[in-house]
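A.B. asks: Before I ask anything, let me first share the structure, which is written out below as structure tokens.
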Amino acid sequence: MSSRPASTGSRANSQEKVDLEKQPSLTAPTGAVVPEGDVVSATGPFAKVTRYLDHLGVETRSLERVPEDQRDQMFFWLSVNMSFSALGTGFLGSLYYTLDFPTSMAIIWLGTALGCTVSATMATLGPKTGLRTMALSRFAGGWPGTAIFSLLNALTQLCYAVTTALAGAQALVAINHNLSLIVGIVILTVVVFVLSIYGYRFLHYWERYAWIGCLIIYIIILGLGKRGDYDPHSRTADMDSGRALIGDVLSFFGIMFSVGSGWTSIAADYNMTLPVDTPTYVVWLASYFGMWLPIAFTCSTSAAFLALTKASYVEAFEEGSLGGVVGQILSPAGGFGKFLLVLLAFSTVSANIPNTYSGALCLQSIHPILMKVPRIFFVIIFTAVLVDLPRMPSLLRSIRLTLLLLSTSYIVVAIVGKDHFSEILSNFSAILAYYTAFLSSIIFIEYFWFRRPGGRLGPVKPDDFTDYSKLAPGYACVASIVCTIPVVASGLAADFPYGPKFSDQYGQYMGESTMSYVVSAITYPIFRTLEIRYFGR
């Protein structure tokens, strides 16, 4: 782990840069440390817009570093991972992979436990540098590698935003069956849009308390669910056997691992405000348990829904998916139950604010020139334009969304894909596993090997993150990603006429995500060593 220089000269230089930002040019200089409230990165036609947004209290900082005196110790993982949308993955083990409740529970707790180790490790890089994850990736990927990471990251945030909006809308429909899913999606999306433009501080204030209500409601749901006759072994007789069962277990394990590791690509974004001297182990433990415990708990709760055996509850799930079965469970509580559903529906805002917030930042990080555009425009892009998701039933079609990212909108995607909640969630969980595998592998090798104290490049100097003459050229990163692509493609065996039989027999998702780690971990050090030898950086 590298630490930021704290010499007097460095601080004076940073202060000089901050003062420069207050000049009429409104241009944030390279590597500037930008305090809250200072207008940043706005030139030409955007200068007046940025100042006006700053006056309204909208966050104007984008990828710029956060100064040490504005890094507060705030955690928000509990609320994000306790929202209603977090219930959407636990039941996939029984729904798609023939697993009974005890087997699903074991996989949920183990898979998420391992996945969260990756996310928590990435989270520790935020306090030491004051940089977001995509800004950190520049030290390994330069411009070309970071552009790839940013596109894929924006795609994954879009996918999460879609499934989250659908889950919340289902809860609203369960309250009022005359309300369409489309109206529910629009309501929740507008709320998220408004809150996202106010940025990081408001986000943490919101997330500080939102998890408490969700925890209480989930306990009530589990208690009332007894009326639906829980039977943990109701699906045991229908489980696959032999190789098919191994494939089911590994596939669901891969999905659960991806749920835990899914925060990797934005983990540093929400820890960068911690004080620079915060012990690394404190950051890791707080992030790890803040992610793992709520994720495992909510996934276990949703897995219990498919252990319900009473006909009316089973029918409610088949007709209304997640929102339908939760509505049925809470129906004996009458008006109070509907009130709890309203709270659950709007708890999805807790999950979708970071999706939209970080997704917009990813669009900004695709190219340095985009940092000059106010972040609010990228929030609008992230929530405004059409792509037809239901006609993209395969992972191949899902990956093609990357090429359309700048013209993608999760509100319209959610509306068009409103009847495909579980399918969307399952497919995109697989993509997330592939992407976070090579992202974390490359960044960790760069930071903990090449840029370790005493390493070939020495510790990272965070102030250099916008100076591409001091960053990696990015060829090694791109080459490693290219080598990993065939492994990811092999995970699409169900969508291609070719692909290894291992995917069909031993788990489509777990095998390829593991190999994605392995291939990138082998190829990146080789390419990076050659790159350093040739370019010297």
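The values are calculated or read from the model by the stated rules, or taken from the named source; none is laboratory data. Only a predicted model underlies this, so the values are computations on that prediction, with no experimental measurement involved. All Cβ positions, even for glycine, are placed from backbone atoms using ideal geometry, and neighbour counts span all protein chains on display.
A.B. asks: Give the number of residues within region 110-135 that are in contact with a Pro (Cβ under 9 Å, 6 or more places away or on another chain) and either part of a helix (DSSP H, G or I) or surrounded by fewer than 24 Cβ atoms within 10 Å (Cβ to Cβ) (or both).
C.D. replies: Kept after step one, since they are in contact with a Pro (Cβ under 9 Å, 6 or more places away or on another chain), are these residues of region 110-135: 127-131, 135.
Then keep just the ones that are either part of a helix (DSSP H, G or I) or surrounded by fewer than 24 Cβ atoms within 10 Å (Cβ to Cβ) (or both); that gives 127-129, 135.
Of the residues in region 110-135, 4 are in contact with a Pro (Cβ under 9 Å, 6 or more places away or on another chain) and either part of a helix (DSSP H, G or I) or surrounded by fewer than 24 Cβ atoms within 10 Å (Cβ to Cβ) (or both).
A.B. asks: Hey, another quick one. Identify the residue in region 176-200 that is within 17 Å of residue 344 (Cβ to Cβ) and of a type in the set (S, T, N, Q) and, among all such residues, is modelled with the highest pLDDT.
C.D. replies: Filtering region 176-200 for residues that are within 17 Å of residue 344 (Cβ to Cβ) and of a type in the set (S, T, N, Q), the one modelled with the highest pLDDT comes out as 176.
A.B. asks: Right, something else. Please work out if residue 231 is in contact with a Gly (Cβ under 9 Å, 6 or more places away or on another chain), surrounded by fewer than 21 Cβ atoms within 10 Å (Cβ to Cβ) and modelled with pLDDT of 85 or more.
C.D. replies: Numbers: in contact with a Gly (Cβ under 9 Å, 6 or more places away or on another chain): no; surrounded by fewer than 21 Cβ atoms within 10 Å (Cβ to Cβ): yes; modelled with pLDDT of 85 or more: yes.
Spelling it out, it is not the case that residue 231 is in contact with a Gly (Cβ under 9 Å, 6 or more places away or on another chain), surrounded by fewer than 21 Cβ atoms within 10 Å (Cβ to Cβ) and modelled with pLDDT of 85 or more.
A.B. asks: From the set of residues in region 234-244 that are part of a helix (DSSP H, G or I) and in contact (Cβ under 8 Å) with a residue 40 or more places away in the chain, which is surrounded by the fewest Cβ atoms within 10 Å (Cβ to Cβ)? Before the answer, list the steps.
C.D. replies: As a first pass, look at region 234-244 and keep what is part of a helix (DSSP H, G or I): 236-238, 242-244.
This time we only want the ones that are in contact (Cβ under 8 Å) with a residue 40 or more places away in the chain, so: 236, 238, 243-244.
Numbers: 236: 14, 238: 10, 243: 12, 244: 15.
Step by step, filter region 234-244, then rank; the result is 238.
A.B. asks: Can you name the condition, by its number, that residue 396 falls short on among (1) in a helix (DSSP H, G or I); (2) at pLDDT 90 or above; (3) surrounded by fewer than 24 Cβ atoms within 10 Å (Cβ to Cβ); (4) touching an Asp or Glu at 6+ places or on another chain (Cβ under 7 Å)?
C.D. replies: (2)
A.B. asks: For region 496-537, how many residues are at pLDDT below 50 and charged (D, E, K, R)? Give the steps one after another, and end with the answer.
C.D. replies: First, pick out the residues of region 496-537 that are at pLDDT below 50: 496-507.
Okay, now just the ones that are also charged (D, E, K, R), so 501, 504.
Count: 2.
A.B. asks: Determine the pairs where a residue that is more than 16 Å from residue 265 (Cβ to Cβ), located within region 158-170, has a partner that is basic (Lys, Arg) with Cβ atoms under 8 Å apart, the partner being 6 or more residues away or on another chain.
C.D. replies: 166/418; 169/418
Let's see how each residue does on (1) surrounded by fewer than 24 Cβ atoms within 10 Å (Cβ to Cβ); (2) at pLDDT below 85:
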| site | (1), (2) |
| --- | --- |
| 247 | yes, yes |
| 259 | no, no |
| 265 | no, no |
| 268 | no, no |
| 271 | no, yes |
| 277 | yes, yes |
| 284 | yes, no |
| 289 | yes, no |
| 294 | yes, no |
